[in-house]
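One structure is given below, encoded as structure tokens.
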């Protein structure tokens, strides 16, 4: 059985028509239509108001919803729904993305939306919350974009379904395209425009209003370059000049970073501004990748301390031994801390995409603004003329109100009353109808005075508007004045610094700190630091600063090691590069910029630092003296693979009281005891011993006495001895007498003898509380490092002391 066809046969009069279409032509035509739709309806901003269609629809709809800056916030989902349902038939996410960007202060120089909630973070590291959580309203400056839109200032066009009408451009009381920039990718073209400073753009526009023939060089005096919301530094202005002239150009944006002490031991780079559209997470991730790949050296740690109170703060710790400026240069080269921005000023002018320079952008905006103000003035004049027409008719009726009432009462109907009034008083139909609709309570004598005042005011306003419309100079003057008012109210300081080139060219600087000679200094308050060079330290200034009393110093190199000798007989190795460097000045160094010993060393309870020493094996060695009178010269044998060494074996209850690195081996070693005995003998009398040895007898102590001070003094140098006497059990601040004596007054004696007396005790004194011997002039300080005064020298070797001029806790010689 044959299967019947269900296809309906064509009618008898059907004429078959088959068109042969080249598929290339069809594809070309369809693609062009699609491309034009994307260019005109989505991706490119209009040069007049600087907005893409979705942005314009959001702002217009928010204005229609009454979401003004003085009103409350509403959910973003409500705004997105209204825009999508009435004006923009696309996805809700694309609308919300546009709204979010308009609310981000780091994306727009003058945000158009006042957002409440999480609207994302710089670089989109933290995405915005969903539209059901966030709220919005118009920002203060956004009201200027729609101001006077209901006064026939711009054209309106049907929406996508013809049931609504939307503006083809907003009135735009300021040049939004230049102020906030734009970015978008269309078919076959793209736009990428950086934001600018509102005050600068307004100044340039006003200059162009006054001088329409102004050249680009003059305009760039007002707009020298972009002003990005995130600040930063623009390096190289040649590309900006090209962009302002041709509409295309490239410039580099650098992060703003400073070198600071992030810890007492390390310096770091503090980044407070990043390039436009770059977030801290992106920078941190890139730095970590480069460090792991060993392509970037010198980075110890990276921390993001950004918060809402202090803004962006990215801390990049630099390893000791690396130059922070050189590391920063590497970061600029290898990470997003330096980015290129390609300017491509493509915008729609009369529906056509054009590439515009700075002057052309300003001219298109100003032409639009002239049109807006002219149409606004015409609308206002028309409204005032209509109102004046009614007021004049009512005033005419009030002249003979009794006749008006008589005519109305004697008329058969309202149509006859209208006709009789128009004939009797020569009124128009509109005036007559307005008189008939006016209640009797408006016909008082007071209302007549008000109407006459309103008539005069309307005539004045009409004359002013007519003057603006009939004079191009007055129109330009008004536009300039309105721009000036906007700039005065909303302009802010420039955020982006413009540089012709890199401010500090450090590309040629070595990444690592050079192993240059330097000196390590130890202050009386336990501060450690290194100098910038190995030159001898200058003499102290007349007015000394706190913390400048240097109790020990040693010459070394920046990448070398030194030894720290403690009272427990230990030598601790310390890397010089870890120490903070003091600025190189002409005066004596002030160690207030140093770091505490506890930052570098772990000392036991009761253990203290005695002195600093080099670890060079060709030195004469280290001289040590203990409380029990033992002396030792240490053979300079310090294995490089050990960070802690024993330099002297101590007896029970003994501890090192003093130490010094010998420079020539010809120094005199000096012991001073609590019972005012001083022993001076040559260092050559002490045989050098290995590190494990316990030393030999240095001074013979009387019963109950102990060593207060041990030092090595150059016999050829001018030196002094300081002693301070008191009573047994007294505190440091209970010193009764002090004495400062030239060192050459004390003769040399043999090692292991009792020495000679260095101060005679007065009544009530039986012990020395403080003693010191060293190069002149002596310098003294209190416990907190504050400078202290010393007595005048006394030539008597065993004379008694005098009352102290000030409290003294520690003494030292001049820095060497």
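Below is a table of values for the structure above.
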| item | result |
| --- | --- |
| Pairs where the first residue, in segment 424-439, is farther than 11 Å from residue 394 by Cβ and the second is buried (at least 17 other Cβ atoms within 10 Å of the Cβ), C-beta under 6 Å, 6+ apart | none |
| Total residues in segment 87-111, condition surrounded by 19 or more Cβ atoms within 10 Å (Cβ to Cβ), part of a helix (DSSP H, G or I) and in contact (Cβ under 8 Å) with a residue 40 or more places away in the chain | 4 |
| Selection count where residues are assigned to a helix (DSSP H, G or I) and either exposed (fewer than 11 other Cβ atoms within 10 Å of the Cβ) or outside the structural domain of residue 405 (by TED's automatic domain parsing) (or both), scope segment 434-452 | 6 |
| Residue match in segment 639-651 (condition: in contact with a helix residue (DSSP H, G or I) (Cβ under 8 Å, 6 or more places away or on another chain) and modelled with pLDDT of 85 or more) | no |
| Residue under evaluation residue 747, criteria (1) in a loop (DSSP other than H, G, I, E, B); (2) closer than 30 Å to residue 697 by Cα; (3) touching a strand residue (DSSP E or B) at 6+ places or on another chain (Cβ under 6 Å), criterion not met | (3) |
| Test for residue 473: is it surrounded by 17 or more Cβ atoms within 10 Å (Cβ to Cβ) and not assigned by TED's automatic domain parsing to the domain that holds residue 153 | no |
| Residue identified as outside the structural domain of residue 373 (by TED's automatic domain parsing), crowded, with 16+ Cβ neighbours inside 10 Å and under 23 Å from residue 101 (Cα atoms) among 178, 208 | 178 |
| Filter result for residue 634 (in contact with a helix residue (DSSP H, G or I) (Cβ under 8 Å, 6 or more places away or on another chain), assigned by TED's automatic domain parsing to the domain that holds residue 567 and surrounded by 19 or more Cβ atoms within 10 Å (Cβ to Cβ)) | no |
| Members of segment 668-698 that are farther than 18 Å from residue 622 by Cα, in a loop (DSSP other than H, G, I, E, B) and in contact with a strand residue (DSSP E or B) (Cβ under 6 Å, 6 or more places away or on another chain) | 674, 676 |
| Some residue of segment 589-606 being modelled with pLDDT of 85 or more, over 18 Å from residue 526 (Cβ atoms) and touching a strand residue (DSSP E or B) at 6+ places or on another chain (Cβ under 6 Å) | no |
| Criterion violated by residue 379 - all others in (1) closer than 30 Å to residue 123 by Cα; (2) over 48 Å from the mean Cα position of the chain (by Cα) satisfied | (1) |
| Residues located in segment 261-282, provided they are modelled with pLDDT under 90 and out of contact with any helix residue (DSSP H, G or I) (no Cβ under 9 Å at 6 or more places or on another chain) | 262 |
| Test: residue in segment 667-674 that is out of contact with any helix residue (DSSP H, G or I) (no Cβ under 6 Å at 6 or more places or on another chain) and closer than 24 Å to residue 560 by Cα | no |
| Residue list for segment 136-148, restricted to those being touching a helix residue (DSSP H, G or I) at 6+ places or on another chain (Cβ under 7 Å), farther than 21 Å from residue 42 by Cβ and not in a strand (DSSP E or B) | 141, 142, 144, 146, 148 |
| Residue list for segment 557-572, filter: surrounded by 20 or more Cβ atoms within 10 Å (Cβ to Cβ) and under 39 Å from the mean Cα position of the chain (by Cα) | 558, 562 |
| Residue within segment 730-752 that is in contact (Cβ under 8 Å) with a residue 60 or more places away in the chain and on the phi > 0 side of the Ramachandran plot present | no |
| Options 629, 621: the member that is in the same structural domain as residue 743 (by TED's automatic domain parsing) and modelled with pLDDT under 90 | 621 |
| Single residue of 33, 64 found to be modelled with pLDDT of 65 or more and either touching a strand residue (DSSP E or B) at 6+ places or on another chain (Cβ under 9 Å) or closer than 18 Å to residue 187 by Cα (or both) | 33 |
| Some residue of segment 113-127 being at pLDDT below 95, over 28 Å from residue 283 (Cβ atoms) and part of a loop (DSSP other than H, G, I, E, B) | no |
| Candidates 815, 791, 804, filtered to the one that is part of a loop (DSSP other than H, G, I, E, B) and free of Cβ contacts under 8 Å to residues at least 60 places away in the same chain | 791 |
| Residues located in segment 568-588, provided they are at pLDDT below 90 and over 29 Å from residue 317 (Cβ atoms) | 586, 587, 588 |
| Selection status of residue 718, closer than 24 Å to residue 814 by Cα and surrounded by fewer than 23 Cβ atoms within 10 Å (Cβ to Cβ) | yes |
| Residue that is nearest to the chain's Cα centre (by Cα), among those in segment 767-788 that are within 17 Å of residue 805 (Cβ to Cβ), in contact (Cβ under 8 Å) with a residue 24 or more places away in the chain and outside any loop (DSSP other than H, G, I, E, B) | 787 |
| Top-ranked residue in segment 65-81 [being surrounded by fewer than 16 Cβ atoms within 10 Å (Cβ to Cβ) and in a helix (DSSP H, G or I); ranked as farthest from the chain's Cα centre (by Cα)] | 81 |
| Complete set of residues in segment 242-257 that are buried (at least 18 other Cβ atoms within 10 Å of the Cβ) and either more than 26 Å from residue 314 (Cβ to Cβ) or touching a helix residue (DSSP H, G or I) at 6+ places or on another chain (Cβ under 9 Å) (or both) | 243, 244, 247, 249, 251, 252, 254, 255, 257 |
| Residues of segment 283-301 satisfying the condition of being touching a helix residue (DSSP H, G or I) at 6+ places or on another chain (Cβ under 8 Å) and closer than 28 Å to residue 101 by Cβ | 286, 287 |
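The values are calculated or read from the model by the stated rules, or taken from the named source; none is laboratory data. Here the structure is a predicted model, which is why all the values come from computation and not from measurement. Cβ: placed from backbone, ideal geometry, glycine included. Neighbour counts: every protein chain shown.
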